[in-house]
1. Which one is farthest from the chain's Cα centre (by Cα), of the residues in region 134-159 that are surrounded by 17 or more Cβ atoms within 10 Å (Cβ to Cβ) and small (G, A, S)?
2. Is it the case that I5 is in contact (Cβ under 8 Å) with a residue 24 or more places away in the chain and either over 23 Å from P110 (Cβ atoms) or not in a loop (DSSP other than H, G, I, E, B) (or both)?
3. Taking the stated definitions as given, is E96 more than 18 Å from M46 (Cβ to Cβ) and free of Cβ contacts under 8 Å to residues at least 60 places away in the same chain?
4. Residue under question is G130, and the condition is that it be more than 30 Å from E54 (Cα to Cα), out of contact with any Gly (no Cβ under 7 Å at 6 or more places or on another chain) and part of a loop (DSSP other than H, G, I, E, B); does it hold?
5. Report, by residue number, each residue of region 106-133 that is among the hydrophobic types (A, V, I, L, M, F, W, C), in contact (Cβ under 8 Å) with a residue 12 or more places away in the chain and surrounded by fewer than 17 Cβ atoms within 10 Å (Cβ to Cβ).
6. Out of everything in region 35-63 that is closer than 18 Å to A104 by Cβ and surrounded by 18 or more Cβ atoms within 10 Å (Cβ to Cβ), what residue ends up being nearest to the chain's Cα centre (by Cα)?
7. Could you tell me how many of the residues in region 171-189 are aliphatic (A, V, I, L, M) and within 17 Å of K161 (Cα to Cα)?
8. Which one of these does I32 not meet: (1) over 23 Å from the mean Cα position of the chain (by Cα); (2) surrounded by 16 or more Cβ atoms within 10 Å (Cβ to Cβ); (3) of a type in the set (A, V, I, L, M, F, W, C)?
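Read-outs: derived from the displayed coordinates by stated rules, not from any lab. Every value quoted in this text rests on a predicted model; they were computed, and no experiment measured them. So basically every Cβ, Gly included, is an ideal-geometry build from the backbone, and we count neighbours across all protein chains shown.
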Amino acid sequence: MAKEIWKGGTLVYPVPAVMVSCGDINGEKNIITVAWTGTINTNPPMAYISVRPERHSYNIIKESGEFVINLTTEDLAKACDYCGVKSGKDVDKFKEMNLTAAPASQVKCPIIYESPMNIECKVKQIVPLGSHDMFIADVVAVSVSDEYFDESGKFHFNASKPVCYSHGEYFGLGKSLGTFGYSVRKKPPVKKSKPVLKKDASKKDAPKKEKTSKPKKKPTFKKKKTKS
């Protein structure tokens with residue numbers, strides 16, 4: 001196998017494809033599709049999105065200092081793509097894609113109600129990088145759809161059929177290959193089964209001996225001693 005050398009480029013795939021809602025639920029609001037996004041810190045929880053300054057949502061997010069990352073599913077894949085190619089200057093994306101703008105809990109911009117998980121963010125820092133500006137934000141609240149909880153209260157996000165973006169295409173996750181830490185997890189001991197002995201081929205066609213029943217012995221009784 002040979003390798004070709006390319007110039008540096010953005011080829012880290014797959015990546016999440018999310019719909020970022022912004023603006024004011026009671027005023028101007030919009031949705032922008034973003035693939036340059038992710039978690040950057042656990043405690044405190046922080047996330048980022050990178051947006052080109054020429055995008056319609058850029059100034060909305062910059063001025064409000066808020067946005068919501070709405071995770072995307074297979075059912076939302078078409079809407080996700082539409083919100084990435086159409087501009088909020090020309091169309092109402094919520095209306096065109098039949099998406100519900102619902103109130104968030106900690107920010108003024110709406111969440112997309114149909115998304116299984118809505119991550120509310122407040123901008124902490126804007127970092128100009130070149131083609132994009134990175135919005136570094138604190139995660140202030142997360143809304144999750146209760147239909148993906150089991151009876152024990154565990155949230156099964158993968159049951160929502162999330163999608164990712166890879167080199168120009170959208171994909172479902174496919175089958176699970178393992179859980180976190182499975183590569184070092186000790187396997188339970190395997191119960192040894194009794195060895196199955198192969199029959200001697202030479203005896204395979206040998207005639208079976210007929211079983212003969214032995215005559216039953218007559219029971220013997222001890223004689224009683226008589227007094228003399």
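1. Only one residue fits best here, namely A137.
2. no
3. Considered against the rule, which asks whether it is more than 18 Å from M46 (Cβ to Cβ) and free of Cβ contacts under 8 Å to residues at least 60 places away in the same chain, E96 comes out as yes.
4. Values: more than 30 Å from E54 (Cα to Cα): no; out of contact with any Gly (no Cβ under 7 Å at 6 or more places or on another chain): yes; part of a loop (DSSP other than H, G, I, E, B): yes.
Answer is no for this residue.
5. Restricting attention to region 106-133, the residues satisfying the condition of being among the hydrophobic types (A, V, I, L, M, F, W, C) are 107, 109, 111-112, 117, 119, 121, 123, 126-127, 129.
Right, trim to in contact (Cβ under 8 Å) with a residue 12 or more places away in the chain and you get 107, 109, 111-112, 117, 119, 121, 123, 126, 129.
Result: I126, L129.
6. Going through region 35-63, the residues closer than 18 Å to A104 by Cβ turn out to be 37, 45-47, 49, 57, 60-61, 63.
Right, trim to surrounded by 18 or more Cβ atoms within 10 Å (Cβ to Cβ) and you get 37, 47, 49, 57, 60-61.
Details: T37: 16, A47: 17, I49: 20, S57: 27, I60: 30, I61: 27 Å.
That would be T37.
7. Number of matching residues: 2.
8. Here I32 meets the rest and fails (1).
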